[in-house]
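To keep things clear, I will list the structure first and then write my remarks on it.
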Amino acid sequence: MKNMKRSKLKCSLLASSIIFSSAFSLHAENSSLQEAIVGGKASINFRLRSEFVDEDAKSATAITERLRIGYTTGDFHGFSAHLDAEDIRALDDSYNAAGLNGKGSKSVVADPEDTEINQAFINYMGDGFHIKMGRQRIILDDARFIGNVGWRQNEQTYDAALLTASPVENLNLKLGYIGEVNRIFGPDSGSDFDSQSFLVHTNYKFNPSITITGFGYLLDFENSTADSTDTFGIRANGALTITEDYNFKYEISAAIQSEAGDSSLDYDAEYYNANLSLSRKGIGIGVGYEVLGSDSGVGFKTPLATAHKFNGWADKFLSTPANGLEDFYLYGFATLPAAIKAKVFYHIFNAETGSDEYGKELDIVLSKAVNKNWSFTSKFADFSDDSSTNYGDITKLTIQTDYKF
């Protein structure tokens, strides 16, 4: 009888212990989850921009502001989440917002008014890998093929799943699937890409002087079949210290492209790029040569690129001409008094196929970081038309300030 009572007592104590431990564990788990949710970090990004455009027969003045507010949770067993929303308003809408504001007689400034969820994704950080699922910003390498078009007020984002892994030291692998491309024109424009696209990107950093990258971008857009492409390429970049004062940087890449998915096109185009620069104590010069080839009257396509970054800031070549594009450019950069950073480009544009000379362009950018949160940028572009196809002269001036924390 005593043994039976002792057994019951032991069972009761054990049961109580289990219940208490479970309750404590559940409370600790809930507490940890609550801490991850409320212990995150808020962010604010505000940009005010004035953009002036002068073309042969028309002009534009666009004064716009963008407010982006976001929140990133803390970590919970490797999981975290991020959400940010943005609102874009025009203070002066004397411009053609890519056909979305009824100002077709004005020059294009692709910053339509909009309010939307910019990013909303879940992260999982594992041992040597990272998974991101949801609406997200994706920038690969220099954004020549996959980018966020960050220059525009409404950036390009992707409804996607992206796996990043580092199976061995200095080797990085990215595998991605894109279900929707949220383009810069906003959800009401009807121009977002319905996508079934795959990204494969891997690089190995041998040392600071050389990183080799290989990539394959299999893009399939149901509602823009002409932009459905398979692109495979290789890239090498790095930096060399020649002497204590002189530094040499280089980027060299090549790619091939053909039609994909339901595209009715039939072509095989090539891409080449070389960019070399030499600097000394913040002052430097550089030279570049980029070729977007053509085949069967189809130019090499980069539908997901941050195209504004390349081939001149006048944005004459956001899409490759049918006869392709050769861009030979020289540039210089320096840090001026008051810590103002300056960069100057001079481009010479020609057709890759045939003898057409498209034109020349001068680009200048000045930027000043007041502190880690506040900065100013002024960008000037002047394109002079030399082509037989009449691209037209255009001058652009942009002045903007950014504040973020």
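Here, each number is a calculation from the coordinates, and none is a lab measurement. In this text, all values refer to a predicted model and were calculated from it rather than measured experimentally. In this analysis, Cβ positions are derived from the backbone assuming ideal geometry, glycine residues included, and neighbour counts consider all displayed protein chains.
Points worth noting:
- Simple rule: put +1 on each Lys or Arg Cβ and -1 on each Asp or Glu Cβ in the chain, find the dipole, and look at Leu83, Leu362, Ser224; the Cα lying farthest toward the positive end is Leu83.
- Extension gain for Val38-Thr335 works out to 102.7 nm (0.36 nm per residue, less the C-alpha to C-alpha distance).
- Approximate spin-label separation Asp87-Asn101, in nm, with each point projected 7 Å along Cα-to-Cβ: 1.7
- Computed FRET value (nearest 0.05) for Ser355 with Ile252, which takes r as the C-beta separation and R₀ as 25 Å: 0.40
- Percentage, to the nearest whole number, of Cα pairs in the chain over 31 Å apart: 49
- Distance from the alpha carbon centroid of region 142-201 to that of region 48-66 works out to 28 angstrom.
- Environment charge of Thr115, counting only residues whose C-beta is closer than 12 Å and scoring Lys/Arg +1, Asp/Glu -1: -3
- Between 0 and 90°, nearest 10: helix 2-38 axis offset from the chain longest Cα axis: 20
- Averaged over residues, the count of other Cβ atoms within 10 Å places the peptides 112-118, 92-98 in the sequence 92-98, 112-118, highest first.
- Label point distance in nm, Glu180-Ala161, each placed 7 Å from Cα along Cα→Cβ: 1.7
- Calculated [222 nm] ellipticity per residue, helices only, for the chain: -3500 deg cm²/dmol; basis is -39500 (n - 2.57) per DSSP H run with n ≥ 4, divided by all residues, nearest 500.
- Within a Gaussian network of the chain (alpha carbon springs, distance under 10 Å), most fluctuating of Asp194, Asp56, Asp84: Asp56
- Rounded to the nearest 20, the size of the Cβ-charge dipole of the chain about its Cα centre is 3020 debye, with Lys and Arg at +1 and Asp and Glu at -1.
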